[in-house]
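Structure first, commentary second.
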Amino acid sequence: MAGYLIRSVILDGATELMRSKGVRSAPVTRRAGLAGAALKDPDLLVSAAAVLRFFELAAEACRMPTWGLTMARGGRLATVLGPTWLLLRNARSIRQMCDELAENFDLYTDAAVVGMEAVAGGGALLNWSTTAGQHDSEVQMAEFALCVFAKEIRTHLHPRWMPSAVLFRHARPAGGLALHRATFGNDVRFNQERNALLLDRATLDAPMKGRGAAARALANRVIRLDGERPGKQLPNHVEAVVRSLMPYAPCTIEDVSYALDVAPRTLQLRLQQEQTSFTRIRDAVRADLASKYLRYSELSASAIAEILGYADLTSFSRSFRRWNGQNLRKVRARGGQGG
């Protein structure tokens with residue numbers, strides 16, 4: 001479910017960053033139109049426009065022009081995009097990854113657009129912009145988005161890789177550019193006609209790392225395919241993938257197996273060794289998310305049912321009563337939200 005809602009995981013670390021600057025997050029959250037729970041729980045669906053407002057208000061409250069950059073340095077594209085990132089994992093080159101990011105970004109949100117534009121010499125501009133009607137300023141989110149994109153490309157090349165240049169529509173911020181240059185290199189341009197990373201041909205033609213030996217080794221360590229006792233982290237890892245997929249995809253065992261790069265049968269066997277199952281984990285996530293959406297969002301019960309993969313509201317209501325022993329409507333009323 002894309003539209004103009006995004007997962008609150010994008011706010012991860014905001015409370016701690018504000019606290020480090022001596023700023024309380026609650027007043028800023030209220031001004032932005034976000035529920036306070038959004039800063040504590042990464043699984044809520046929140047208004048993209050409210051997140052844009054929050055980024056700008058937080059930067060102002062903290063007197064921190066580099067708010068967006070600082071937030072992005074702790075984030076990964078996979079965490080922010082959720083299942084959309086899975087579509088990029090089979091790309092053969094950085095160029096293909098960027099093309100697919102641009103083509104499929106609307107699966108993540110309609111509040112922003114990503115584009116690829118060819119330039120002379122075989123390079124390209126990877127553009128990012130909010131769509132009309134979101135917020136009057138995109139400064140912090142533009143820097144956040146381009147930093148996350150650059151970090152993702154860097155993971156597939158080498159730690160010191162930098163784009164040929166970075167372009168921002170906004171004016172040069174107050175203070176120095178040390179963090180910008182540490183993130184993007186020395187060619188940082190402001191007052192441009194777009195927000196974009198300038199990528200040269202060598203970068204774009206570079207092969208992707210991901211589904212090769214390194215990714216397989218990571219998956220093996222996670223689920224101990226070498227025959228050792230399965231790691232206790234496996235159910236938690238599966239739960240994390242389910243939570244990421246749930247708002248956007250059917251979230252079948254095949255979907256989760258693809259994300260972990262293992263066969264569905266293998267995943268099920270390893271979970272059985274942990275005295276659990278994929279169905280049990282998914283059901284627990286549904287129960288948890290249902291309660292959170294009902295209490296902390298303004299989504300209708302029908303929309304929540306759709307997000308959680310139910311064919312209709314009646315099926316969702318039956319499951320909710322089974323999980324909680326309570327009527328769905330009563331819980332929604334106590335949450336103080338419209339439904």
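The values are calculated or read from the model by the stated rules, or taken from the named source; none is laboratory data. Everything numeric in this text was worked out from a predicted model, so none of it was measured. Neighbour counts run over all protein chains shown; Cβ positions are idealised from the backbone, glycine included.
Is at least one residue of segment 297-314 at pLDDT below 80 and of a type outside the set (Val, Ile, Thr)? Lay out the reasoning, then the answer.
Initially, segment 297-314 is screened for residues at pLDDT below 80, giving 297-298.
After this cut, where a residue has to be of a type outside the set (Val, Ile, Thr) as well, the list is 297-298.
Yes; the residues of segment 297-314 include at least one that is at pLDDT below 80 and of a type outside the set (Val, Ile, Thr).
Is there a residue in segment 113-121 that is at pLDDT 85 or above and assigned to a helix (DSSP H, G or I)? Yes: one or more hits. Taking the numbered list (1) out of contact with any His (no Cβ under 6 Å at 6 or more places or on another chain); (2) modelled with pLDDT under 90 in turn, residue 222 passes all entries but (1). May I ask you to list the residues in segment 119-145 that are of a type in the set (Val, Ile, Thr) and surrounded by 20 or more Cβ atoms within 10 Å (Cβ to Cβ)? Correct list: 130, 139. Checked against (1) modelled with pLDDT of 90 or more; (2) buried (at least 18 other Cβ atoms within 10 Å of the Cβ); (3) within 16 Å of residue 184 (Cα to Cα), residue 152 meets all criteria but (1).
Of the residues in segment 25-42, not one is touching a Pro at 6+ places or on another chain (Cβ under 6 Å) and surrounded by fewer than 17 Cβ atoms within 10 Å (Cβ to Cβ). Scanning segment 6-31 for residues that are over 20 Å from residue 108 (Cβ atoms), part of a helix (DSSP H, G or I) and not polar (S, T, N, Q) yields 16, 17, 18, 19, 26, 27, 28, 30, 31.
Every condition in (1) more than 22 Å from residue 63 (Cβ to Cβ); (2) in contact with a Phe, Trp or Tyr (Cβ under 7 Å, 6 or more places away or on another chain) holds for residue 190 except the one numbered (1).
Only a single criterion out of (1) closer than 30 Å to residue 250 by Cα; (2) of a type in the set (Asp, Glu); (3) in contact (Cβ under 8 Å) with a residue 40 or more places away in the chain is not satisfied by residue 138, namely (1). Among the residues of segment 43-74, those identified as under 15 Å from the mean Cα position of the chain (by Cα) and part of a loop (DSSP other than H, G, I, E, B) are 43, 44, 73, 74. Take residue 148 and tell me if it is under 18 Å from the mean Cα position of the chain (by Cα), within 25 Å of residue 202 (Cβ to Cβ) and free of Cβ contacts under 8 Å to residues at least 40 places away in the same chain. Considered against the rule, which asks whether it is under 18 Å from the mean Cα position of the chain (by Cα), within 25 Å of residue 202 (Cβ to Cβ) and free of Cβ contacts under 8 Å to residues at least 40 places away in the same chain, residue 148 comes out as no. Scanning segment 1-32 for residues that are on the phi > 0 side of the Ramachandran plot and free of Cβ contacts under 8 Å to residues at least 12 places away in the same chain turns up just one, 22.
Considering only segment 153-175, I want to know if a residue exists there that is in a helix (DSSP H, G or I), assigned by TED's automatic domain parsing to the domain that holds residue 119, of a type in the set (Gly, Ala, Ser) and at negative phi. No - not one qualifying residue is present in segment 153-175. In segment 57-76, the residues that are under 19 Å from residue 27 (Cα atoms) reach residues that are of a type in the set (Val, Ile, Thr) and modelled with pLDDT of 95 or more with C-beta atoms within less than 6 angstrom, at least six apart or across chains, in these pairs: 57/28; 58/28; 61/23; 61/28; 62/23.
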